[in-house]
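Input: a single structure, listed below in structure tokens.
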Amino acid sequence: MQRQTLALLGVLFLAAALFLVNLGGYDLWPPDEPRFAQIAREMLQSRDFIVPHINNEVYSEKPPMLMWAIAAVSAPFGDVSEWTARFPSVVSALVTVLFTYLLARRLYGPCVAVWSGLVLTTMALFWWEARSVRTDMMLTACLTVCLYAFWRWHRERSAGMLVLFYTALAVALLVKGPPALVFTTLLVFAFYWGQKDERIQFHYFIGLLVAAVPVVLWLGLKHLSAPAVAEGDVAVSDNLFRQTIGRFFLGVSHAQWPWYYFINLPINWLPWSLLLPWTLPWVWKKRHEDDRMRLLLAWMVPAFIFFTICIGKRPVYLIPIYPVAAILFARSAQELLERPHERLRRILALGWLQIPNVIVLALFSVMISLEYGDRFRFLSPIAQFGEHLPRTYVTFCAVLMLATVLLTIWTIVESARNIRSLFAGSFFLFAVASALWGLPLLDEHKGAKDFCAPLRQLSEKQVDYRLYSVGVSREEYIFYSKHVHVPVLMDLLPIPQQPSMKPMDMVKLQRTLRKRIAKAVESHPIDAGAALTDQDLLALRAVVHEAVVDAKIDPVLTSEFEKALADALNAFADTMLEPSPAFFFVQEEDWRWILPLCPRLHALTVLKYARVGSRKMLIVANDAGDRAMNP
């Protein structure tokens, strides 16, 4: 028993080291991470933990459990940081590893349990989500507890396991709502298929009612605390429809083809997906082995089929099956280690070792393009990317290549008998290197912290200023400026609608005209970050007008659109030119057409102009804001 405890502690220690290394060393990346972090921050600031808010607006898309956890971790530090926002996901991942180990030990013994924990820890997507601010890792932890409790109840008929199952399910409902029911419902009906009496004894439907009580209580308190939520904001029923039926079956978000997971899962299970040519036939042979295999397949196969049928798909939707996949990989690998399979082991191990070679070749090609990109045109796109890479990557390439050579020699000599150690150890080193160097390097492309630094400094000095966001409203700008903003030009313009025109037709019309305007000014040769001449403004105005006319839409509607757009911009200019400090965010593509339609904004100061993610963004200040920034 003491040896098994030490083995479990060793697995958890390695997992914690992998998940925690440089956890706060890079920005919160959109779209999800800044959103949940900002909601938790506003909870701490308002002391309202019942009604989640973001940008002072009620947030109704997800239940509050993750935000509560972030707020609880952040409260002793006074504010939400990258580290405190990600820490609940780390704890959730460790809980998942713990219960995967406990389940595997009861199913197949301590050796499989240790390797199940290590396999799960070193799965590519699991490692990534353990360090990300999203609801999916916390949901996975709860559902893994449900799976463990279900097996214990099946074997022991323990009332305590029923309590554990439905308690974990209640927390899962507070984490992500109805999607939490998919896995447990499919498990109960698949595992007890044709065994009605067994299913009745589990009291599943009564348990669901009990598990739903905390969610119902929270919803009741939410509407008591903010009655307007039920009247003016998104209704709970409409939101549940959009987040469940809409996402999964109507494809309102992340619509993908049916074969999506057949491609996606092997990538996200790396390096262990290299064992699939061995593990899949092995599982097929063992499918009728006993209740243990039936449990694992009842959890995994129906969920895979369900989410494959669904139109809306994301990699994270299937993370709850990763613990079972880890157990199957760990157990099947035991037979792979037998001597008759030496050739297959070598092929799989050497296949994994080719991935570092591909990385090395890619990095070397970047370095070559930097040297010769001006001579060979086909190398110039690679050279543009390579400008962001430090020259120290040459050293990194050499070290990686040397490590690959040594591992290859070791694999051949040892006949790949340590293929599990090779997979886990090499991924561990790769993940640590990525956390320490790779992810911080990507901040230049993904993070908004540096871009928002001037506004954040004013907020930390408690300078009173107004902040707007024109044409775009992003949570990362709110979080890293530490200031809520007022969205501008985010709603439909007030254009008189023809009696025969449907509301959705008006939405489509305005979106079409906005896109045509943005595309028309995109190629105009000006520097949006510099002061524009009158000739530039006139030329841009002509381009905007021509784009609207060329849309071949009713001239009356296009004229009304231009007028409404100019009126909205002039009203915004009146606000910006007030004497108190004011700033706004705007995309470069919007700034190009906003200026010719409202030349008064040309008198404002472009405080910062930089690429943030895929967008080129500007921070624009009025005179009072410029003085506040440079006293």
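Tell me the label-point distance for the pair D574, A542, using the 7 Å Cα-to-Cβ offset, in nm and rounded to one decimal.
3.2
Compute the separation of the alpha-carbon centres of the range 127-187 and the range 463-483 and state it in Å as a whole number.
For the range 127-187 versus the range 463-483, the Cα centre distance is 37 Å.
Between A433 and E460, 0.36 nm times their residue separation minus their Cα-Cα distance comes to what? Display every interim value, and only then the final one.
Details: separation 27, 0.36 × 27 = 9.72 nm, distance 3.32 nm.
Value of the extension gain: 6.4 nm.
Using DSSP to define loop residues, name the trypsin sites (Lys or Arg not before Pro) in the range 129-200 whose beta-carbon has at most 12 other beta-carbon atoms within 10 Å. Walk me through the numbers before you get to the answer.
Numbers: sites: R131, R134, R152, R155, R157, K176, K196, R199; in loops: R131, R134, R157.
Sparse-neighbourhood loop trypsin sites (Lys or Arg not before Pro): R157.
What FRET efficiency, computed as 1/(1 + (r/R0)^6) with R0 = 22 Å and r the Cβ-Cβ distance, is obtained for R157 and C111, rounded to the nearest 0.05?
0.20
Under 5 Å between amide H atoms, partner at least 5 residues away or on a different chain: which partners does I54 have, H built in plane at 1.01 Å?
Y59
Using θ = phi - 60° and the Karplus relation 6.51 cos²θ - 1.76 cosθ + 1.60, list the HN-Hα couplings for the range 114-120 in order, rounded to whole Hz, with x at every Gly or Pro.
4, 6, 4, x, 5, 4, 4
Each residue of the range 37-48 in order: what ³J(HN,Hα) in whole Hz does its phi give by Karplus 6.51 cos²θ - 1.76 cosθ + 1.60, θ = phi - 60°, with x for Gly and Pro?
With the stated coefficients, the range 37-48 comes to 5, 5, 4, 5, 4, 5, 4, 5, 6, 8, 6, 9 Hz.
Quick query: amide H of K608 versus all other amide H atoms, modeled in the peptide plane; which residues come in under 5 Å with a sequence gap of 5 or more or a different chain?
I619
Which loop-located GluC sites (Glu not before Pro) does the range 23-132 contain, where loop means any DSSP state but H, G, I, E or B and the Cβ has at most 16 other Cβ atoms within 10 Å?
E61
Based on the Cβ-Cβ distance from Q201 to L337, what FRET efficiency comes out when R0 is 51 Å, to the nearest 0.05? Mind dumping the intermediate values first?
Numbers: r = 40 Å, r/R0 = 0.78.
Efficiency computed from Cβ-Cβ geometry: 0.80.
What does the extension gain come out to for E444 and V484, with contour length at 0.36 nm per residue minus their alpha carbon separation?
Contour length minus the Cα-Cα distance gives 12.1 nm.
Compute the separation of the alpha-carbon centres of the range 308-339 and the range 6-53 and state it in Å as a whole number.
Rounded to whole Å, the Cα centres lie 25 Å apart.
Starting with the highest mean, order 569-575, 474-480 by the number of other Cβ atoms within 10 Å, averaged over the residues of each peptide.
Averaged packing, sorted descending, gives the order 474-480, 569-575.
Using the basic label-point model (7 angstrom from Cα toward the beta carbon), what is the A603 to L224 distance in nanometres?
So the label points at A603 and L224 sit 5.3 nm apart.
For the range 105-222, treating each Cα as an identical point scatterer without solvent, what Debye log10 I(q)/I(0) comes out at q = 0.13, 0.14, 0.22 1/Å?
Debye intensities relative to I(0), on a log10 scale: -0.59, -0.68, -1.29.
With a 10 Å radius around each residue's Cβ, average the other Cβ atoms per peptide and rank 162-173, 443-454, highest first.
In decreasing order of mean packing, 162-173, 443-454 become 162-173, 443-454.
Kindly state, to the nearest 0.05, the FRET efficiency for D534 paired with I263, given R0 = 51 Å and r defined as their beta-carbon distance.
0.40
Rank by packing, highest mean first: peptides 182-190, 206-214, 462-470, with packing defined as the count of other Cβ atoms within 10 Å averaged across residues.
Numbers: 182-190: 19.4, 206-214: 15.3, 462-470: 17.1.
The most tightly packed comes first, giving 182-190, 462-470, 206-214.
Using the structure shown, list the pairs from K62/K502; K508/K552; K62/K222; K196/K286; K449/K519; K449/K616 with a Cα-Cα distance above 19 Å, or answer none.
Checking Cα-Cα distances, K62/K502; K196/K286; K449/K519 exceed 19 Å.
Read-outs throughout are calculated quantities, based only on the coordinates presented, and are distinct from any laboratory measurement. Note that the structure is predicted; figures quoted are calculated from it, not measured. Positions of Cβ are backbone-derived with ideal geometry, glycine not excepted, and every protein chain shown enters the neighbour counts.
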